[in-house]
Amino acid sequence: MENYKALVVRENSEGKFVKQIETVSREFLPENDILIKVAYAGLNYKDALSAKGNKGVTRKYPHTPGVDASGIIEESNTDDLPVGMKVIVTSYDLGMNTKGGFAEYISVPAEWVVPLPESMSLKDAMVMGTAAYTAALALHKMELCGQHPDMGEIVVTGASGGVGSMAIAILRKAGYRIIASSGKQEHYTWLRQLGAKKCINRDEVSDESGKPLLSPAWAGAIDTVGGNTLATLLKRCGRNGSVAACGLVSSSELHTTVFPFILNGVNLLGVDSAETPRNIRMKIWERLAGDLRPENLESMELIVPLEKIPSYMDEILEGETVGRVVADLS
Ligand code: NDP
């Protein structure tokens, strides 16, 4: 491979970040263990932040965003990951300060590469992507803290988004009853089809009373919103329930008291999909191919050409995308 097509974000002389599809030479990629011909790349909120020039995500430009990619190994320096193997790469530094998945090729360290589970397609791996991985990791941690369907309903916030919609489908697969919290009433029917028992407006998970605790309304939560929503999830969570903090679409701040923890035994769990040890990562992907495999993947996917990704990056920042947008590079 000498040249390849990639979405490239450049900082112009006025300090603005411009994204466009370009043909770049192989030198644009870092030298690494494994060269992968990308088949599909899933869009995440973090990719849009990278494309906007968020230096907390990406320090140096020109850059190609894309924290999720699936594809086929084209060059390898290790026998464990042979040429021709179908693989998944998500998180670590991919798409942050390592050129990411919105390109025909990625070049990554061997430790980042997960063999595609046998019963999963390259496309489905990216429809799930970091979103499903994050939701499954959240549930995995909740279960380690004793969460069980018999304890009661689980709230999912940001329900119509990537992580939220996957969380609903995965929790349903695991036998939970789900309350979907969404700002998009027009998607309630779809959220019910995914597995939500009840849909509520996101305002109902944003308490303004100032009280440190409220009567329990759910047994646990997967939160993508942060801020007052996360604080409310904690104060209304039932005894010994777990609240998994995944995101910050509303706010990165959390103002709470210790009362949910010391009076109700509530667990606040951190979910970091980026740096999970490889053994847990493989286990979560196997679960996504097996017992946690979402049932309605087709209804969550929007498969588009690479050229459409820049406009969807703008939409995801406005909270306007629904489900999972995936670039088809196959
Ligand atoms: P999406 O944009 O796909 O979904 C976010 C959803 O949040 C929206 O669809 C919307 O859903 C809701 N929302 C948007 N704006 C607001 C707001 N101001 N207040 C309340 N709700 C809002 O993003 P993702 O699902 O990809 O990511 C969600 C969050 O999770 C992000 O913060 C992301 O950075 C984080 N994340 C964290 C990971 C980790 O490892 N911890 C991994 C992946 C993502 P609705 O209209 O239905 O309410």
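Quick rundown of the values:
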| quantity | calculated |
| --- | --- |
| Every residue from region 295-315 that is among the hydrophobic types (A, V, I, L, M, F, W, C), within 16 Å of the ligand (Cβ to nearest atom) and closer than 20 Å to Arg10 by Cα | Ile309, Met313 |
| Residue in region 19-33 that is among the polar types (S, T, N, Q), modelled with pLDDT of 95 or more and outside any strand (DSSP E or B) present | yes |
| All positions within region 295-315 that are without any contact (Cβ under 8 Å) to a residue 60 or more places away in the chain and in a helix (DSSP H, G or I) | Glu298, Lys308, Ser311, Glu315 |
| Any hit, region 100-118, residues being polar (S, T, N, Q) and under 18 Å from the mean Cα position of the chain (by Cα) | no |
| Qualifying strands (runs of 3 or more DSSP E) (wholly inside region 215-294; at least 2 residues being among the aliphatic types (A, V, I, L, M) and touching a Gly at 6+ places or on another chain (Cβ under 7 Å)) | 237-245 |
| Residue in region 26-40 that is more than 21 Å from Ile309 (Cβ to Cβ), touching a Phe, Trp or Tyr at 6+ places or on another chain (Cβ under 9 Å) and exposed (fewer than 14 other Cβ atoms within 10 Å of the Cβ) present | yes |
| Filtered residues of region 49-87 (kept if under 18 Å from Leu306 (Cα atoms), crowded, with 24+ Cβ neighbours inside 10 Å and of a type outside the set (Gly, Ala, Ser)) | His63, Thr64, Pro65, Val67, Asp68 |
| Glu318 farther than 30 Å from Pro115 by Cβ and either in contact with an Asp or Glu (Cβ under 8 Å, 6 or more places away or on another chain) or free of Cβ contacts under 8 Å to residues at least 24 places away in the same chain (or both) | yes |
| Evaluation of Gly183 against (1) surrounded by 24 or more Cβ atoms within 10 Å (Cβ to Cβ); (2) closer than 23 Å to Met300 by Cβ (one fails), failing number | (1) |
| So Asp291, is it within 30 Å of Lys37 (Cα to Cα), of a type in the set (D, E, K, R), at pLDDT 95 or above and more than 9 Å from the ligand (Cβ to nearest atom) | no |
| Residues satisfying the stated conditions in region 143-175, i.e. more than 10 Å from the ligand (Cβ to nearest atom), of a type outside the set (Asp, Glu) and under 20 Å from the mean Cα position of the chain (by Cα) | Ile154, Val155, Ile168, Ala169, Ile170, Leu171, Arg172, Lys173, Ala174 |
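The values are calculated or read from the model by the stated rules, or taken from the named source; none is laboratory data. No experiment lies behind these values; they were computed from the predicted model shown. Cβ atoms come from the backbone with ideal geometry, glycine included; neighbour counts cover every protein chain shown.
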